[in-house]
1. Computed over the Cα atoms of the stretch 97-207, what is the ratio Rg over Rh, Rh following Kirkwood?
2. What part of the accessible area of the stretch 21-139, given as a whole %, is carbon or sulfur when the probe is 1.4 angstrom?
3. Using +1 at the Cβ of each Lys and Arg and -1 at the Cβ of each Asp and Glu in the chain, identify which of Ala87, Tyr15, Val319 lies farthest towards the dipole's positive end.
4. With a 1.4 Å probe and all protein chains kept in place, how much accessible area does Glu53 have, in Å² rounded to the nearest 10?
5. For each pair in Lys170/Lys311; Lys171/Lys256; Lys110/Lys173; Lys256/Lys311, compute the distance between the two Cα atoms and list the pairs where it is over 29 Å.
6. So what J values fall out for the stretch 350-365 if you push phi through Karplus, 6.51 cos²θ - 1.76 cosθ + 1.60 with θ = phi - 60°, rounded to Hz, Gly and Pro as x?
7. Cα axis of helix 124-137 to longest principal axis of the chain: angle in degrees, 0 to 90, nearest 10?
8. Going by Cα centres, the stretch 72-96 and the stretch 155-189 are how many Å apart?
Amino acid sequence: MKILVINAGSSSLKYQLYDMTDESVLAKGLVERIGMDSSIVTHKPAGRADVTEVSEILEHTTAIRKVLGLLTSPEHGVIGSVDEIEAVGHRVVHGGEYFGESAVVDSDVKSKIRQLFDLAPLHNPASMMGIKAAEANMPNIPQVVVFDTAFHQSMPEHAYLYAIPRVLYKKHKVRRYGAHGTSHDYVSQAAAEFLGRPIEDLKIITCHIGNGASITAVKNGRSIDTSMGMTPLEGLMMGTRSGDLDPAIVPFVMNKEELTVNEVNSMLNKHSGLLAISGISSDMREITEGMQNGDANSKLAFDMYEYRLRKYIGSYAAVMNGVDTIVFTAGVGENSVVLREKVCENLTYLGVELDKELNAIRSGEPRRISSANSKVEVLVVPTNEELVIARDTNRLVQGLKS
Ligand code: AMP
């Protein structure tokens, strides 16, 4: 079965075409600047030359038509006809309390995604545009939605509620939902497979640290706590996001600096984190380089980032009454040798012992970076959110057939 995976943003659309017989990627690409003049399509077919095209793409329906054209074109294509695509899987950021798992799209599912626009005003409307665009181009093909929040729906009430008047939860669903669920799900399962142990027996801490960053306590294969909250602002310090802070700072700063709600939101989401502290960049590569060149602000940004990550690891070990495995994933987690080293050198009380040589090896495969004596297995597992979406889509569509 061939499955098209779509990740739609408000002005962008990422795609991957999978052949599920061997889970190979036949082609992938990105449409950028949708709705602006000179949109850019970058198409990467397996075994053929990459292609970049600039044209006017005003909305997502045209973007998908363009992608289907490239997937079937004689020069850049990988399939003979669109009919070879048997299902489409969509990444959707917010599934609220409606979705504890992926779902086949129907009118009820779409209505629920719409009801969640309030909780994810930047993301869910964009996902809906992607779904509608795929339906318009491929009306007879089943569409599946895979939610970033779904994996965390297993969190118990004491972990997902905020200690604020309960009427806010009842009226407005103010609670913690988490994010990056497909990634935490994927890497925790991949870690168990790598170790050759049943996930039901493991206490795993998964650190998804990229531009956005979150950490999850996975006990017996289920998320029991995660660092992102009602929105992806809570938790770890990130590239441009503050992570945890005293909520009283918000009204204080709004008052002192005469900021509007939008301005303070923008400050915390786009002008904080590594960027604010280093004054240089939100990119961990540049922070590390700055630190190694003696820049004090880069070092402070790195230290704060590492310290906060380590605090969460400690608290999740407490939450699970122990930890068997710590997994690093995403851009920083997979690539930053120095961050992993700094975090692990202060986790000896948990029995963590890093093997510095293994930690320095770069590979795209799951690998162990702890020593043979370490009581906790420390792994690097490259994440693959698209593959989770393709697998879920495949499973649900096979279910429709039986
Ligand atoms: P992601 O959001 O998962 O794509 O991660 C993006 C982030 O990964 C970038 O902003 C970088 O900060 C980080 N990153 C990528 N490569 C490296 C590297 N070699 N060392 C440190 N950080 C890296």
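1. Ratio of gyration radius to Kirkwood radius for the stretch 97-207: 1.03.
2. 51 percent
3. The residue sitting most towards the positive pole is Val319.
4. Here the accessible area works out near 50 Å².
5. Lys170/Lys311; Lys171/Lys256; Lys256/Lys311
6. 8, x, 7, 9, 7, 9, 4, 5, 5, 5, 7, 6, 10, 7, x, 10
7. 20 degrees
8. 31 Å
The values are calculated or read from the model by the stated rules, or taken from the named source; none is laboratory data. What you see is a predicted model; the values in this text were computed from it and never measured. Don't worry about glycine lacking a Cβ; one is built from the backbone with ideal geometry, like all the others, and counts go over all protein chains shown. Note: accessible area is taken over every heavy atom of the protein model, side chains too, but ligands, DNA and RNA are not part of it. Shrake-Rupley method; radii C 1.70, N 1.55, O 1.52, S 1.80 Å.
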